[in-house]
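Engineer: Before anything else, here's the structure in question.
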Amino acid sequence: MVTTPVRIPESPRCPSPFRRPPLLAAVLVSVAVVSLSALAYCAGPEDDVAGVEGPGDLPDQKRPAVDPASPPSRPGGWGLVFSDEFSGEDGRAPDPRRWQHDVGGGGWGNGELQRYTASPRNARTDGRGRLLVEALRERVSRDDRDDDERKTRFTSARISTKGRFTTRYARAEARIRLPAGQGLWPAFWLSGVCEDGWPACGEIDVLESVDEVPMMVRSRIHGPGPLATPGIGPDWQVDTRLDEGFHVYAVEWTRDRVDFFFDDHRYATIHRDDLPEDDVWALDHPMRLLLNVAVGGRWPGAPDEGTPFPATMLVDWVRVYERI
């Protein structure tokens, strides 16, 4: 798969297309893959960005307390500012001090099939220190559906720290086991918060997966310009199935660069000064965290009869560190 421009420091599997001749650059742009919230964020029915959000949006509450089970620091001068180890009882909804639900259907700008709910059936802790973000195939009786409604309906969850927590220039990481199957789109990402909306507020996609057999990590940044919708970033091929075990997906984000990591291996760096002409670096705003599993749509396409449901993204933990 052809990727959009990014500086790749370490892998011959991800050659850098920066500083290509203009004609080739245009080809790269034209075949770039549509990425997560260029479609899924900007068209969501519950996603208004009228005003700057942050920890003070909740009454009588400052930043959510970090989970005492999380490491308080990381090498390199990182101090923990947010974490969730998902230690709730089996069947409990995500901690409302840290997370809220984005709900609704309507395709989310990408023709997606799922309706996001706030039900613990779609997002819950398992009593073993993990969060389940689960897409379900719901059967609808003939009497309960409209004439143009399909027999099958999908529900899922999209949770975010909207109104609870934002960060700027930080390391955000999550330990995740992905689902497998055609038509599934699990993601861990950061969405910028400002008065101007998307794409001016920026976005960082730490992890997206759209492959029937998940062996590719897709990471992007988004901002105003010709590449706003596809985004700029790498597709990183790994040598293991990402649905067969947990892996740590991380980003380190500074004023001038973004580094992406897979199991602490830095596989890509994007520099502010390396953006293609007419694309804007929009990563100076506070950002909130999001986790979701989408179903169907123009990207990655519809599920088929072999797609397993429930389709579960298991999240062991989420942590955010800022420079001490």
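Engineer: Out of curiosity, is Thr269 over 24 Å from Ser191 (Cβ atoms), surrounded by 17 or more Cβ atoms within 10 Å (Cβ to Cβ) and modelled with pLDDT of 95 or more?
Structural biologist: Considered against the rule, which asks whether it is over 24 Å from Ser191 (Cβ atoms), surrounded by 17 or more Cβ atoms within 10 Å (Cβ to Cβ) and modelled with pLDDT of 95 or more, Thr269 comes out as no.
Engineer: Is it fair to say Cys201 is surrounded by fewer than 23 Cβ atoms within 10 Å (Cβ to Cβ) and either without any contact (Cβ under 8 Å) to a residue 40 or more places away in the chain or in a loop (DSSP other than H, G, I, E, B) (or both)?
Structural biologist: Values: surrounded by fewer than 23 Cβ atoms within 10 Å (Cβ to Cβ): no; either without any contact (Cβ under 8 Å) to a residue 40 or more places away in the chain or in a loop (DSSP other than H, G, I, E, B) (or both): yes.
Spelling it out, it is not the case that Cys201 is surrounded by fewer than 23 Cβ atoms within 10 Å (Cβ to Cβ) and either without any contact (Cβ under 8 Å) to a residue 40 or more places away in the chain or in a loop (DSSP other than H, G, I, E, B) (or both).
Engineer: Moving on to the next point. List, please: which pairs have Cβ atoms under 7 Å, are six or more places apart or on different chains, and start with a residue in the stretch 128-149 that is surrounded by 11 or more Cβ atoms within 10 Å (Cβ to Cβ) and at pLDDT below 80 and end with one that is in a strand (DSSP E or B) and not polar (S, T, N, Q)?
Structural biologist: Val140/Arg153
Engineer: Being in contact (Cβ under 8 Å) with a residue 60 or more places away in the chain and out of contact with any Leu (no Cβ under 8 Å at 6 or more places or on another chain) is true for just one of Leu291, Leu283, Leu314. Which residue is that?
Structural biologist: Leu283
Engineer: Let me ask something additional. For the stretch 176-228, which positions are touching a Ser or Thr at 6+ places or on another chain (Cβ under 8 Å) and modelled with pLDDT under 95?
Structural biologist: Scanning the stretch 176-228 gives a single hit, Trp198.
Engineer: What single numbered condition from (1) crowded, with 16+ Cβ neighbours inside 10 Å; (2) out of contact with any strand residue (DSSP E or B) (no Cβ under 7 Å at 6 or more places or on another chain) fails to hold for Asp278?
Structural biologist: (1)
The values are calculated or read from the model by the stated rules, or taken from the named source; none is laboratory data. Because the structure is predicted, anything quoted here is derived from the model rather than measured. With ideal geometry, Cβ positions are generated from the backbone for all residues, glycine too; neighbour counts draw on all protein chains shown.
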